[in-house]
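For reference, the structure is listed below as structure tokens.
The values are calculated or read from the model by the stated rules, or taken from the named source; none is laboratory data. Note that the structure is a prediction, hence the values are computed from the model and not measured. Neighbour counts are summed over all protein chains in view; Cβ atoms, including those assigned to glycine, are modelled from backbone coordinates with ideal geometry.
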Amino acid sequence: MADLNKVFLMGNLTRDPECRYTPKGTPVGDISLAINSSYRAQDGQVKDEVCFVEVVIWGRQAETCKEYLQKGSLVFVEGRLQMEQWETKEGEKRTRMRVRADRIQFLGKTKGTGANAAGPESSPSKAETTITPPEEQQINEDEVPF
């Protein structure tokens with residue numbers, strides 16, 4: 001029997017990306033996506049709903065997201081689900097499910113690509129950027145500062 005843990009998401013950032021560093025200097029970042037969808041209810045009305053998803057990004061692509069993305073940026077995320085468990089200072093056990101990004105593709109405008117931008121970055125074809133982490137990138141979970 002084979003297992004599969006693969007996620008593909010496309011949505012807009014709900015806030016500017018964050019980037020911090022582990023004690024050993026490994027970049028780790030966070031983004032939050034709003035993913036909009038519509039469906040037709042039984043009464044015939046079109047209903048809109050939003051799904052909010054937290055994404056963790058490791059390595060150089062965390063720094064690149066911080067540099068080029070901002071609240072509202074449209075991105076495509078390829079990754080996998082990751083369960084995190086921890087204990088609070090009060091001794092309560094907590095869990096959360098997040099997406100660990102393997103690849104982020106910038107869609108649409110990025111920082112410096114608006115109508116007032118000068119140079120080659122303002123070209124629409126340059127606004128789409130793909131960041132793929134190196135193969136076999138190993139992240140030591142003990143380095144995570146949170």
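Is it fair to say residue 76 is within 21 Å of the chain's Cα centre (by Cα), in contact (Cβ under 8 Å) with a residue 24 or more places away in the chain, surrounded by 12 or more Cβ atoms within 10 Å (Cβ to Cβ) and within 24 Å of residue 18 (Cα to Cα)? Before you say what the answer is, go through the steps one by one.
On the way: within 21 Å of the chain's Cα centre (by Cα): yes; in contact (Cβ under 8 Å) with a residue 24 or more places away in the chain: yes; surrounded by 12 or more Cβ atoms within 10 Å (Cβ to Cβ): yes; within 24 Å of residue 18 (Cα to Cα): yes.
Answer is yes for this residue.
What about residue 24, is it surrounded by fewer than 10 Cβ atoms within 10 Å (Cβ to Cβ) and touching a helix residue (DSSP H, G or I) at 6+ places or on another chain (Cβ under 8 Å)?
Spelling it out, residue 24 is indeed surrounded by fewer than 10 Cβ atoms within 10 Å (Cβ to Cβ) and touching a helix residue (DSSP H, G or I) at 6+ places or on another chain (Cβ under 8 Å).
Here's a check for you: in the range 21-48, which residue that is polar (S, T, N, Q) and touching a residue at least 12 places away in the same chain (Cβ under 8 Å) is nearest to residue 60 (Cα to Cα)? Break it down into steps so the answer makes sense when it comes.
We begin by selecting, within the range 21-48, every residue polar (S, T, N, Q); these are 22, 26, 32, 36-38, 42, 45.
Now drop any that are not touching a residue at least 12 places away in the same chain (Cβ under 8 Å), which leaves 22, 26, 32, 36-37.
Details: 22: 13, 26: 8, 32: 18, 36: 28, 37: 31 Å.
In this case the residue turns out to be 26.
From (1) modelled with pLDDT of 70 or more; (2) closer than 18 Å to residue 11 by Cβ; (3) touching a Lys or Arg at 6+ places or on another chain (Cβ under 8 Å), pick out the condition that doesn't hold for residue 127.
(1)
Taking the range 52-64 as the region of interest, how many residues are of a type outside the set (Gly, Ala, Ser) and either without any contact (Cβ under 8 Å) to a residue 40 or more places away in the chain or more than 17 Å from residue 81 (Cα to Cα) (or both)? Walk me through it before giving the result.
From the range 52-64, those of a type outside the set (Gly, Ala, Ser) are 52-58, 60-61, 63-64; that's our starting set.
Those still in the list that are either without any contact (Cβ under 8 Å) to a residue 40 or more places away in the chain or more than 17 Å from residue 81 (Cα to Cα) (or both) too: 52, 60-61, 63-64.
Counting residues in the range 52-64 that are of a type outside the set (Gly, Ala, Ser) and either without any contact (Cβ under 8 Å) to a residue 40 or more places away in the chain or more than 17 Å from residue 81 (Cα to Cα) (or both) gives 5.
Among the candidates 146, 76, single out the residue that is touching a Phe, Trp or Tyr at 6+ places or on another chain (Cβ under 9 Å) and either closer than 23 Å to residue 3 by Cβ or modelled with pLDDT of 95 or more (or both). First the steps, then the outcome.
On the way: 146 fails: either closer than 23 Å to residue 3 by Cβ or modelled with pLDDT of 95 or more (or both).
Among 146, 76, only 76 is touching a Phe, Trp or Tyr at 6+ places or on another chain (Cβ under 9 Å) and either closer than 23 Å to residue 3 by Cβ or modelled with pLDDT of 95 or more (or both).
Go over the candidates 117, 101 one by one and state the one that is outside any helix (DSSP H, G or I), at pLDDT below 90 and among the hydrophobic types (A, V, I, L, M, F, W, C).
The match here is 117.
Step by step: first the residues of the range 80-109, then only those that are within 26 Å of residue 67 (Cβ to Cβ) and of a type in the set (Val, Ile, Thr), then the one that is surrounded by the most Cβ atoms within 10 Å (Cβ to Cβ). Which residue is that?
104
Going residue by residue through the range 52-63, is there one that turns out to be modelled with pLDDT of 95 or more, surrounded by 11 or more Cβ atoms within 10 Å (Cβ to Cβ), within 12 Å of the chain's Cα centre (by Cα) and part of a loop (DSSP other than H, G, I, E, B)?
Within the range 52-63, none of the residues are modelled with pLDDT of 95 or more, surrounded by 11 or more Cβ atoms within 10 Å (Cβ to Cβ), within 12 Å of the chain's Cα centre (by Cα) and part of a loop (DSSP other than H, G, I, E, B).
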